[in-house]
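The structure follows.
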Amino acid sequence: MGARAIDTCQAMAGQPVGPGLVGMARALALVESASPVELRERGCAILVSCQGLAWAECLYLDGSGRWLGSDRADARLACDDFRHPYAHAIRQGKPLRLGLAEARSRLDHPDFQAQVSALPGVLQLDVRPLRALDGEREWLGTLAVAGEPSVLAGLGEDPEFVAFESLLCRLWAGLSRHQGERHREARLRQSLAQLNDGARRQALAERLAEDLLGASPAMQTLRSQVIRAAETGLAVLLQGETGTGKDRVARAIHRFSARADGPFMAINCAAIPEALLESELFGHAKGAFSGADQAREGLISQADGGTLFLDEIGDMPLPLQAKLLRVLESGRYRPLGASEERHADLRLVAATHQPLRERIRDQCFRADLYYRLGQFPLSLPTLRERREDIAQLAEAFAVDFCSREGRDELGITPAALRQLRERDYPGNVRELKNLIDYACAMTRPGDDIEPMALPGLTEAEDSDRQEGTEGSGGQSVESASQVHDLRRALRDYEADLIRQRLLLFGGNRALAAESLGLPKRTLAHKCRQLELDAK
Ligand SMILES: Nc1ncnc2c1ncn2[C@@H]1O[C@H](COP(=O)(O)OP(=O)(O)OP(=O)(O)O)[C@@H](O)[C@H]1O
């Protein structure tokens with residue numbers, strides 16, 4: 001705190017040098033202050049060391065002009081509280097002198113009492129209101145000094161003290177203004193940065209809207225959360241009913257993140273038989289188990305530098321959950337049968353449609369993994385909660401279908417749109433997409449989608465629909481007399497049934513499996529065997 005200048009000033013005070021030089025050293029010490037706080041500290045230190053005073057303190061007037069504050073303590077002394085001498089000096093606008101013993105007995109403000117409690121009662125106290133001496137003449141605060149009556153006697157008239165006080169006020173006002181400007185500039189810079197940040201995020205959210213369709217408030221919130229999640233390296237847990245777009249969101253998080261140039265690896269924990277899942281994820285060494293003739297990289301290693309998406313995490317077996325937790329916490333893992341541990345740097349995005357808290361209660365899911373996975377939890381809205389998005393989604397899916405199938409674009413009649421809006425969609429967006437694909441297939445080129453093209457809405461299918469059904473998703477099973485290969489016919493029947501059930505439940509494998517009395521894994525296995533798209 002300008003110790004050198006103050007030392008010089010102290011040294012000079014005891015030396016046979018001219019008063020001008022002493023004054024210059026004091027002025028220099030003040031001028032070198034970088035802030036009002038430093039200036040007040042230096043000013044008081046100089047007064048005590050060079051002017052023979054016992055104590056000095058500056059109080060500053062706060063921005064509201066209602067109270068005085070101290071740099072040394074948490075004291076706040078209100079300007080209209082006359083239990084301390086500063087209120088009197090400020091109100092009268094002129095210096096005040098009183099004996100300390102008297103001040104202590106008459107003025108019982110606790111902060112004032114604490115300030116002067118260590119000083120001998122024989123001393124006198126001078127309180128001087130300070131104002132800026134430039135054009136504005138604003139109040140700055142007060143200077144309080146205590147000293148022997150003989151020292152204080154001529155203080156107010158001492159030209160050196162007067163010059164010192166005036167320099168102090170000038171510098172104080174200048175530094176305060178400068179500091180105010182700096183604060184204003186900093187606030188401006190901060191709000192500009194926030195504005196730029198807001199505009200940048202808005203632009204990203206608009207780009208994302210091309211992929212995650214929907215103008216509903218729920219989708220707008222989701223998109224901005226996806227952008228925020230992508231900006232961090234936190235593990236993301238996506239929770240939402242089947243078909244709400246968890247897979248799509250996971251890919252978007254990767255694409256909008258700093259890891260976008262790295263790999264994106266995805267696995268559905270429910271679709272892989274338990275015995276295979278560990279080696280799929282962690283990889284295995286050569287000879288780790290019978291049939292492992294080659295070492296194989298797991299998805300964790302392949303996702304190094306990128307993102308690993310674990311879909312249906314709720315179905316992950318408990319022993320693997322422990323291993324996954326270790327990867328998340330330390331990045332370390334050991335491939336099956338390997339002697340060495342390995343390291344991977346990845347961001348994990350996990351998804352589930354199951355209430356994981358219930359799985360924890362049933363002791364099927366580790367609570368510690370749940371909390372580690374959910375560093376950035378994201379909830380996806382159901383389609384029922386955002387019916388206003390149905391028309392936009394349906395039209396986009398119709399456009400997709402036509403471009404995939406190389407057909408001319410077709411529209412959707414208002415009546416069909418109304419019906420689409422009234423449905424319940426347990427399979428959410430996937431169900432809507434399947435419905436539109438089906439309706440597109442059922443609609444003649446050049447026509448628009450009519451209500452009767454929507455499955456499950458018409459009682460008697462018209463002849464057009466009968467025609468369309470053949471060769472589309474719903475092939476009929478050969479009649480009994482035409483069966484020449486029982487195994488093939490049973491296989492076709494099974495495939496047809498599963499396909500219809502998946503269509504009925506909007507692709508929700510859990511509901512489809514339940515309705516057929518099958519475990520979900522078995523259905524997933526059959527879908528692979530029968531080459532049905534399980535999604
Ligand atoms: N907001 C959206 N905009 C466009 N298409 C979407 C949107 N949400 C989902 N989809 C589409 O709906 C289908 C289902 O989405 P997705 O596979 O991401 O759902 P999911 O929640 O992962 O389902 P599951 O839980 O069954 O795995 C996909 O074809 C996907 O492209």
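Give just the number: which of (1) open to solvent by less than 30 Å² (accessible area, probe 1.4 Å); (2) part of a loop (DSSP other than H, G, I, E, B) does C402 not satisfy?
Going through (1) open to solvent by less than 30 Å² (accessible area, probe 1.4 Å); (2) part of a loop (DSSP other than H, G, I, E, B) one by one, C402 breaks only (2).
Within region 188-222, which residues are in a loop (DSSP other than H, G, I, E, B) and either of a type in the set (D, E) or open to solvent by 60 Å² or more (accessible area, probe 1.4 Å) (or both)? Reasoning before the result, please.
At the first step, the residues of region 188-222 found to be in a loop (DSSP other than H, G, I, E, B) are 209-216.
E210, D211, A215 - these are the residues of region 188-222 that are in a loop (DSSP other than H, G, I, E, B) and either of a type in the set (D, E) or open to solvent by 60 Å² or more (accessible area, probe 1.4 Å) (or both).
Test each condition in (1) farther than 12 Å from L59 by Cα; (2) open to solvent by 30 Å² or more (accessible area, probe 1.4 Å) for Q115 and report the one that comes out false.
(1)
Where the second residue is open to solvent by 50 Å² or more (accessible area, probe 1.4 Å) and outside any helix (DSSP H, G or I) and the first is free of Cβ contacts under 8 Å to residues at least 12 places away in the same chain and lies in region 499-527, which pairs have Cβ atoms under 9 Å and are six or more apart or on separate chains?
Listed by first residue and then by second, the contacts come to A513/P519.
Please enumerate the residues belonging to region 486-535 that are open to solvent by less than 70 Å² (accessible area, probe 1.4 Å), among the aliphatic types (A, V, I, L, M), assigned to a helix (DSSP H, G or I) and within 15 Å of the ligand (Cβ to nearest atom). Can you show your working first?
Our first condition is that a residue be open to solvent by less than 70 Å² (accessible area, probe 1.4 Å); within region 486-535, this holds for 489, 492, 494-498, 501-503, 505-513, 515-518, 520, 522-524, 526-527, 530, 532, 534.
Still in the running and among the aliphatic types (A, V, I, L, M): 489, 495, 497-498, 502-503, 510-513, 516, 518, 523-524, 530, 532, 534.
Filter again for assigned to a helix (DSSP H, G or I), leaving 489, 495, 497-498, 502-503, 510-513, 523-524.
Those that are open to solvent by less than 70 Å² (accessible area, probe 1.4 Å), among the aliphatic types (A, V, I, L, M), assigned to a helix (DSSP H, G or I) and within 15 Å of the ligand (Cβ to nearest atom): L502, L503, A510, L511, A512, A513, L523, A524.
Still on this structure, I have one more. In region 272-362, which helices (runs of 4 or more DSSP H) lie fully inside it and hold 2 or more residues that are more than 16 Å from the ligand (Cβ to nearest atom) and within 19 Å of I253 (Cβ to Cβ)?
On the way: elements: 274-282, 299-302, 318-330, 356-361.
It comes to 299-302, 318-330.
Give me the pairs: first residue in region 82-104 and touching a residue at least 60 places away in the same chain (Cβ under 8 Å), second residue open to solvent by less than 20 Å² (accessible area, probe 1.4 Å), beta-carbon distance under 7 Å, and six or more apart or on different chains, which are they?
Listed by first residue and then by second, the contacts come to P95/A89; P95/D126; P95/V127.
When only residues in region 188-222 that are free of Cβ contacts under 8 Å to residues at least 12 places away in the same chain and of a type in the set (A, V, I, L, M) count, which is nearest to K433 (Cα to Cα)?
Of everything passing the filter in region 188-222, A203 is nearest to K433 (Cα to Cα).
While we're here: Name the residue, out of L100, L130, L125, that is more than 20 Å from F164 (Cα to Cα), touching a helix residue (DSSP H, G or I) at 6+ places or on another chain (Cβ under 8 Å) and of a type outside the set (D, E, K, R). First the steps, then the outcome.
Values: L130 fails: more than 20 Å from F164 (Cα to Cα); L125 fails: more than 20 Å from F164 (Cα to Cα).
Just a single option satisfies the conditions, and that option is L100.
Turning to a different aspect of this structure: Run down E405, E431, E385 and say which single residue is touching a helix residue (DSSP H, G or I) at 6+ places or on another chain (Cβ under 8 Å), of a type in the set (D, E) and touching a residue at least 60 places away in the same chain (Cβ under 8 Å). Walk me through it before giving the result.
On the way: E405 fails: touching a residue at least 60 places away in the same chain (Cβ under 8 Å); E431 fails: touching a helix residue (DSSP H, G or I) at 6+ places or on another chain (Cβ under 8 Å).
Every option except E385 fails the conditions.
Of the conditions (1) open to solvent by less than 10 Å² (accessible area, probe 1.4 Å); (2) assigned to a helix (DSSP H, G or I); (3) more than 15 Å from P451 (Cβ to Cβ), R387 clears all except one; give me its number.
Answer for R387: the failing condition is (1).
Just need a number here: residues in region 405-423 that are under 20 Å from L504 (Cα atoms) and not in a helix (DSSP H, G or I). If you could, list the steps in order and put the result at the bottom.
Step one: of region 405-423, the residues under 20 Å from L504 (Cα atoms) are 416-423.
Among the residues that remain, those that are also not in a helix (DSSP H, G or I) are: 423.
Matching residues across region 405-423 total 1.
Looking at this structure, is D408 open to solvent by 60 Å² or more (accessible area, probe 1.4 Å), of a type in the set (D, E, K, R) and within 16 Å of the ligand (Cβ to nearest atom)? So that I can check it myself, show each step before the final result.
Working: open to solvent by 60 Å² or more (accessible area, probe 1.4 Å): yes; of a type in the set (D, E, K, R): yes; within 16 Å of the ligand (Cβ to nearest atom): no.
No: the conditions fail for D408.
Taking A275 and the conditions (1) among the aliphatic types (A, V, I, L, M); (2) touching a residue at least 12 places away in the same chain (Cβ under 8 Å); (3) open to solvent by 10 Å² or more (accessible area, probe 1.4 Å), which numbered condition does it fall short on, given that it satisfies the others?
The failed condition is (2).
Could you identify the single residue in Q225, Q220 that is touching a Leu at 6+ places or on another chain (Cβ under 7 Å) and within 14 Å of the ligand (Cβ to nearest atom)? Please lay out each step first, then the result.
Working: Q220 fails: touching a Leu at 6+ places or on another chain (Cβ under 7 Å).
The match here is Q225.
Can you tell me which residue among Q375, Q392 is within 30 Å of R228 (Cβ to Cβ), of a type in the set (S, T, N, Q), open to solvent by 70 Å² or more (accessible area, probe 1.4 Å) and within 14 Å of the ligand (Cβ to nearest atom)?
Values: Q375 fails: within 14 Å of the ligand (Cβ to nearest atom).
It is Q392.
So A87 ticks every box in (1) in contact with a helix residue (DSSP H, G or I) (Cβ under 9 Å, 6 or more places away or on another chain); (2) of a type in the set (A, V, I, L, M, F, W, C); (3) crowded, with 18+ Cβ neighbours inside 10 Å but one. Which box is left unticked?
(1)
I've got another one for you. Within region 235-252, is even one residue of a type in the set (D, E) and either touching a helix residue (DSSP H, G or I) at 6+ places or on another chain (Cβ under 9 Å) or at positive phi (or both)?
Yes - at least one qualifying residue is present in region 235-252.
Does region 247-255 include one or more residues that are more than 16 Å from the ligand (Cβ to nearest atom) and open to solvent by 70 Å² or more (accessible area, probe 1.4 Å)?
First pass over region 247-255, keeping only residues more than 16 Å from the ligand (Cβ to nearest atom): none.
The answer is no; no qualifying residue exists.
Follow-up. Residue pairs, Cβ under 8 Å, 6 or more apart or interchain, first in region 226-252 and in a loop (DSSP other than H, G, I, E, B), second of a type in the set (V, I, T) and within 7 Å of the ligand (Cβ to nearest atom). List them.
That search, which allows pairs on different chains as well, returns G243/V429; T244/V429; G245/V429.
The values are calculated or read from the model by the stated rules, or taken from the named source; none is laboratory data. Computed from a prediction, not measured in an experiment: that's the story for all the values here. Heads up, the Cβs are rebuilt from the backbone with ideal geometry, glycines too, and the neighbour counts pull from every protein chain shown. Each accessible area value is taken on the protein alone, full model and side chains, heavy atoms only, with ligands, DNA and RNA left out. Shrake-Rupley method; radii C 1.70, N 1.55, O 1.52, S 1.80 Å.
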